[in-house]
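The values are calculated or read from the model by the stated rules, or taken from the named source; none is laboratory data. Being a predicted model, the structure only gives us computed values, none of them experimental. Glycine also receives a Cβ, built like all others from the backbone with ideal geometry; neighbour counts cover every protein chain displayed. These accessible areas exclude ligands, DNA and RNA; they are computed on the full protein's heavy atoms, side chains included. Shrake-Rupley method; radii C 1.70, N 1.55, O 1.52, S 1.80 Å.
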Amino acid sequence: MTKRPNILIIMADQLAAQFLPFYGHKVVKAPHLSRLAGSGTVFENCYTGSPLCAPSRFTMMSGRLASTIEAYDNAADFRADTPTFAHALRREGYRTVLAGKMHFCGPDQLHGFEERLTTDIYPADYGWTPDWEKPDVRPSWYHDMLSVSKAGACARSNQIDFDEEVGYSARRHLYDIARGPDDRPFCMLVSFTHPHDPYAILPYYFDKYRDDDIDLPAVARLPKELQDPHSLRVMHVCETDVYEPSEEEIRRARRAYYGAISFIDDQVGILLRTLKECGMDEDTVVVFTADHGDMLGERGMWYKMSFFEAAARIPLVIRMPGGSDQRRVKNTVSLMDLFPTLTGIARGGDEDLGQPLEGKSLLPHLSGGGHDEALGEYLGEGAIAPIFMIRRGRYKFVTTSTDPDQLFDLEADPLERANLAANGASAAETALLASLRAEAATRWDASRVHEAVIASQRRRRFVHEALMQGRHRPWDFQPMVDATRAYMRNTIDLPDLERRARMPVREVAPGTGNLTDRKRA
């Protein structure tokens with residue numbers, strides 16, 4: 001293949017890997033995603049850089065840890081001078097396009113994307129800034145248990161409106177690219193907001209499942225005395241500590257979540273069909289992933305904000321052009337690894353990015369090699385100090401200055417019932433624990449990060465209060481449509497307009513006057 005491939009990245013929101021059929025789930029129906037997984041590389045142990053919407057996306061875009069780029073929480077400013085893979089691919093001559101949710105906070109709402117097709121579903125201001133200095137005060141704007149208690153089918157929701165707009169805009173833009181004169185390769189990120197709570201989905205998708213078929217959490221709600229301190233704080237933030245859902249409510253919430261996965265699956269199927277209709281499926285890399293997972297009732301917890309598997313482990317599938325390299329990779333990798341991977345695809349393997357990255361290229365994994373490590377940080381709601389995670393081999397280590405350390409052997413204990421840092425560790429595991437503690441202390445200056453988070457929170461709350469006074473000028477992205485260039489207009493040469501008015505494009509054969517179909521170069 002001499003032409004550099006196009007890249008289509010499809011992203012779901014709050015989708016845990018364990019709830020997909022090609023990761024072993026027995027109930028969820030996702031045939032399009034399963035076919036994609038069957039024709040590409042499935043990464044079995046991919047982790048988010050931070051189990052929260054905005055920080056996870058910023059770390060994915062930049063290939064850097066959240067603390068490095070000050071991407072602390074869902075109201076953190078994503079600095080405009082932070083290089084992203086959209087910047088890198090654009091410098092390499094790619095046409096970079098964004099459709100859907102990225103939760104960019106701050107004035108820059110593009111971050112290297114040349115085109116943005118939709119607005120975001122979430123605000124771009126600092127209004128959701130946490131306050132670590134008031135740990136007992138629950139943020140009024142945060143998740144609560146209504147998402148669980150009121151779960152079920154709905155005729156409409158703003159999330160359904162949003163995702164249907166995202167899917168339509170992306171599909172139409174693919175047709176425009178195929179019909180247009182711009183022969184640059186493209187990188188398009190299509191980012192949906194499902195299956196993120198609230199757990200409500202159209203009846204068509206809700207009715208794909210029955211309550212009796214829905215599995216209950218593998219680990220039931222733990223007594224308070226057996227919960228770790230961070231989980232207790234997260235449960236307080238989400239009001240899980242004062243509301244325990246019934247078995248019926250848990251089943252309905254999970255049923256709606258599964259229905260939302262099927263909804264996303266259909267959106268993926270439509271996009272893949274569109275690629276084929278445009279004649280671009282054979283020269284496009286397809287990536288499917290998510291920003292973080294969802295506890296979905298495991299351990300009595302909901303949503304994300306922790307490093308337990310359901311919240312932190314995410315799907316990642318990469319299908320190279322042609323889709324003939326089926327592979328499953330057990331090595332631990334990170335969402336941050338996408339930056340060097342995508343630029344490596346664009347450059348044919350050259351990974352000289354001119355800056356240090358915590359992310360590492362996944363290209364070696366596509367041929368049987370590759371690294372085996374993921375780093376994570378959590379600096380948002382429910383924390384009172386930075387929380388750091390190292391996943392390497394079969395072990396996951398989580399540490400913070402305010403709570404006891406956690407060490408889990410995920411091969412022997414995939415449900416994370418036994419914290420080896422508390423008891424039960426072998427001599428070798430005790431030595432490993434000491435090594436990981438030393439590594440974390442060397443890798444992260446926890447006190448400095450803590451001070452930086454507090455200082456950032458104070459600044460952003462001050463600025464937000466000021467900007468809410470007087471005339472408010474939001475940073476939310478405003479998609480603009482140039483109607484003067486749409487459909488039939490006299491400002492466009494008529495033969496050229498009609499040539500590109502349908503798919504496939506109709507070309508005039510030289511010297512004959514006959515129209516022939518043209519496949520995009």
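Within segment 364-377, identify whether any single residue is surrounded by 20 or more Cβ atoms within 10 Å (Cβ to Cβ) and assigned to a helix (DSSP H, G or I), and answer yes or no.
yes
If I387 satisfies all but one of (1) in contact with a Pro (Cβ under 6 Å, 6 or more places away or on another chain); (2) closer than 19 Å to T442 by Cβ, what's the number of the condition it fails?
The single condition I387 does not satisfy is (1).
Scan segment 112-138 for residues that are over 30 Å from P185 (Cβ atoms) and either of a type in the set (A, V, I, L, M, F, W, C) or surrounded by fewer than 15 Cβ atoms within 10 Å (Cβ to Cβ) (or both) and report the count.
Residues meeting the conditions: 7.
Answer yes or no as to whether F397 is part of a helix (DSSP H, G or I), modelled with pLDDT of 95 or more and either out of contact with any strand residue (DSSP E or B) (no Cβ under 9 Å at 6 or more places or on another chain) or open to solvent by less than 30 Å² (accessible area, probe 1.4 Å) (or both).
Against the criterion (part of a helix (DSSP H, G or I), modelled with pLDDT of 95 or more and either out of contact with any strand residue (DSSP E or B) (no Cβ under 9 Å at 6 or more places or on another chain) or open to solvent by less than 30 Å² (accessible area, probe 1.4 Å) (or both)), F397 does not qualify.
Against the condition farther than 23 Å from M305 by Cβ, over 19 Å from the mean Cα position of the chain (by Cα) and not small (G, A, S), how does R184 come out, does it pass?
The answer is yes for R184.
Consider segment 263-291. How many of its residues are in a helix (DSSP H, G or I) and closer than 22 Å to F43 by Cβ?
The number of residues fulfilling the criteria is 9.
So which residues in segment 164-203 are out of contact with any Phe, Trp or Tyr (no Cβ under 8 Å at 6 or more places or on another chain), among the acidic types (D, E) and touching a residue at least 60 places away in the same chain (Cβ under 8 Å), if there are any at all?
D182, D183
Please go through segment 198-207 and pick out each residue that is open to solvent by 10 Å² or more (accessible area, probe 1.4 Å) and part of a loop (DSSP other than H, G, I, E, B).
P198, L202, D207
With the condition kept exactly as written, say whether any residue in segment 141-157 is open to solvent by less than 10 Å² (accessible area, probe 1.4 Å) and within 20 Å of the chain's Cα centre (by Cα).
So far as segment 141-157 goes, no, none of its residues is open to solvent by less than 10 Å² (accessible area, probe 1.4 Å) and within 20 Å of the chain's Cα centre (by Cα).
Given (1) modelled with pLDDT under 95; (2) over 24 Å from the mean Cα position of the chain (by Cα); (3) of a type outside the set (D, E), where does R251 come up short, assuming only one miss?
For R251, the exception is condition (1).
Residue-wise test of (1) outside any helix (DSSP H, G or I); (2) touching a Pro at 6+ places or on another chain (Cβ under 9 Å); (3) not hydroxyl-bearing (S, T, Y).
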position: A124; (1), (2), (3): yes, yes, yes
position: W132; (1), (2), (3): yes, no, yes
position: D144; (1), (2), (3): yes, no, yes
position: R156; (1), (2), (3): yes, no, yes
position: Q159; (1), (2), (3): no, yes, yes
position: D176; (1), (2), (3): no, no, yes
position: D183; (1), (2), (3): yes, no, yes
position: V190; (1), (2), (3): yes, no, yes
position: Y209; (1), (2), (3): yes, no, no
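Any idea how many residues of segment 237-258 are part of a helix (DSSP H, G or I) and open to solvent by 20 Å² or more (accessible area, probe 1.4 Å)?
Final tally of qualifying residues: 7.
Report yes if D161 is closer than 23 Å to G293 by Cα, within 20 Å of the chain's Cα centre (by Cα) and free of Cβ contacts under 8 Å to residues at least 40 places away in the same chain, otherwise no.
yes
In segment 226-241, which residues are without any contact (Cβ under 8 Å) to a residue 24 or more places away in the chain and out of contact with any helix residue (DSSP H, G or I) (no Cβ under 8 Å at 6 or more places or on another chain)?
Within segment 226-241, L226 is the sole residue that qualifies.
Quick one: A428 ticks every box in (1) under 30 Å from V219 (Cβ atoms); (2) buried (at least 17 other Cβ atoms within 10 Å of the Cβ) bar one, so which box is it?
Result: A428 passes all but (2).
Could you list all residues from segment 259-307 that are out of contact with any Ser or Thr (no Cβ under 8 Å at 6 or more places or on another chain), within 29 Å of L232 (Cβ to Cβ) and open to solvent by 10 Å² or more (accessible area, probe 1.4 Å)?
Answer for segment 259-307, where residues must be out of contact with any Ser or Thr (no Cβ under 8 Å at 6 or more places or on another chain), within 29 Å of L232 (Cβ to Cβ) and open to solvent by 10 Å² or more (accessible area, probe 1.4 Å): E298, F307.
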